[in-house]
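Working notes for the structure below.
The values are calculated or read from the model by the stated rules, or taken from the named source; none is laboratory data. All values derive from a computational prediction rather than experimental measurement. Don't worry about glycine lacking a Cβ; one is built from the backbone with ideal geometry, like all the others, and counts go over all protein chains shown.
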Amino acid sequence: MSGPLTVTLNLESGEGRIRKTAQESDQLYNLSAAAAGQGGFVLLATPGADVFTVQSRAGHLIELAGGAGRDSYSLSGDGAVTLIFGGPEGQAEGPQSVIVNAYAGRVVNDGFGHAEVFTLAPEVLLGLRGGALGDRLSGHNGRDQIFGGAGADMLFGAGGRDTLYGGAGDDRVWSGDGSGNDRLLGGPGHDTLYGGEGNDSLTGGPGGDVLYGGAGDDFLYAGQDGATRLWGEEGHDVIYGSDFEDTLGGGSGNDTLFGGGGADLLYGGGGSDWLYGGAGADRLQSGGGDVVMQGGAGADRFEFYNLPGAARITDFSQAAGDRLVLNTSIWGGGLTAAEVVSRFAGSEGGDLVLRFSPEISLRLEGAAGSEAELSGGILLM
């Protein structure tokens with residue numbers, strides 16, 4: 001169709017009306033079957049100033065691909081409506097970055113230099129899809145699905161339970177200020193992902209990424225192509241590294257960290273944490289609290305500082321190259337490794353225990369009776 005369109009889509013009644021100009025009669029369409037399909041109903045705009053009024057319906061999908069004109073949108077109902085910016089499929093991309101603030105109901109730049117406005121009911125599952133340049137896309141207080149596309153994008157979820165995917169490029173993705181349980185995905189490139197107040201899921205992509213869980217009980221997953229830094233921050237987090245040299249930090253809360261392959265650095269933070277190094281020569285650092293450590297395959301280092309807590313190592317093996325790294329501030333300094341073992345080590349219930357004070361202890365499971373050899377596996381710092 002050429003010339004601007006006036007489009008009214010009502011998924012509740014299953015009827016759609018499309019008028020090309022004010023003088024022409026409406027063309028009627030039955031939308032129920034199309035919008036309920038796997039691909040949904042896709043409408044490509046014209047280069048003119050198109051007007052879209054959509055009454056969505058749960059279980060149905062409408063995609064509106066805005067063109068080069070100054071379009072307007074009115075979206076209601078509880079179904080899924082995706083707005084595609086930067087140029088419809090098969091047409092030229094817009095020459096500028098897309099900037100959308102759905103919370104304020106504004107399209108600052110549609111990719112073609114136009115500012116647009118739209119009204120949006122909070123129940124709508126809103127989708128935003130950017131162009132090939134570095135876009136800035138912000139959701140609304142309801143549910144959002146935001147896709148950055150190519151380019152170095154900035155995505156903001158706002159409130160609600162959101163899904164944000166950076167796509168290709170070095171993206172920065174924020175869950176937003178709401179308490180929804182959000183899903184953030186980096187995509188190819190060096191991305192930075194920020195979780196929020198909810199129990200979020202953050203997944204890096206190809207490239208070295210940085211992930212921050214924020215508040216809430218979060219799941220963080222490294223990508224599989226490049227070293228990743230993953231920080232759980234607040235809450236009881238579960239963090240998975242990759243086959244590369246990752247850095248994992250639990251933060252506050254009772255966290256569980258899996259290093260994966262590669263020579264990883266795992267830091268529990270405060271709380272009762274579980275640290276699993278996995279394959280590779282890993283460094284496992286206690287941040288205090290009742291921490292359980294398992295180095296896995298490889299010559300691992302278990303590092304301890306002057307922090308209260310009862311630590312436990314389940315697989316310490318000097319023969320495999322494992323080492324205890326003890327900060328001398330734990331006992332005030334002035335001792336050799338052999339003197340540390342002589343003064344603080346003893347066997348308890350099949351284990352070897354270094355009991356430095358009522359507040360600080362270290363248990364090596366299954367190592368009872370190995371006091372004489374242990375000093376060779378201790379490094380002081």
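Summary table below
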read-out	value
Filter result (in contact with a strand residue (DSSP E or B) (Cβ under 9 Å, 6 or more places away or on another chain) and either surrounded by fewer than 21 Cβ atoms within 10 Å (Cβ to Cβ) or in a strand (DSSP E or B) (or both)) within the stretch 120-133	120, 121, 123, 125, 126, 127, 128, 129, 133
The stretch 176-192, residues that are out of contact with any Lys or Arg (no Cβ under 9 Å at 6 or more places or on another chain) and not hydrophobic (A, V, I, L, M, F, W, C)	176, 177, 179, 186, 187, 188, 189, 190
Every pair of residues 6+ apart whose Cβ atoms lie under 7 Å, when the first sits in the stretch 193-209 and is at positive phi while the second is in a loop (DSSP other than H, G, I, E, B)	207/188; 207/189; 207/190; 207/191; 207/223; 207/225; 207/226
Residue in the stretch 63-70 that is closer than 15 Å to residue 164 by Cα and not aromatic (Phe, Trp, Tyr) present	no
Single condition residue 140 does not satisfy, out of (1) surrounded by fewer than 21 Cβ atoms within 10 Å (Cβ to Cβ); (2) in a loop (DSSP other than H, G, I, E, B); (3) modelled with pLDDT of 90 or more	(1)
Filter result for residue 290 (within 23 Å of the chain's Cα centre (by Cα) and either within 17 Å of residue 378 (Cα to Cα) or acidic (Asp, Glu) (or both))	no
Selection status of residue 112, more than 21 Å from residue 234 (Cβ to Cβ), assigned to a strand (DSSP E or B) and aromatic (Phe, Trp, Tyr)	no
Residue list for the stretch 240-252, restricted to those being part of a loop (DSSP other than H, G, I, E, B) and crowded, with 19+ Cβ neighbours inside 10 Å	241, 242, 244, 245, 246, 250, 251
Output for the stretch 191-207, where each listed residue is over 15 Å from residue 232 (Cβ atoms) and at pLDDT below 95	205, 206, 207
Positions within the stretch 327-341 being in contact (Cβ under 8 Å) with a residue 24 or more places away in the chain and among the small types (Gly, Ala, Ser), in sequence order	329, 337, 338
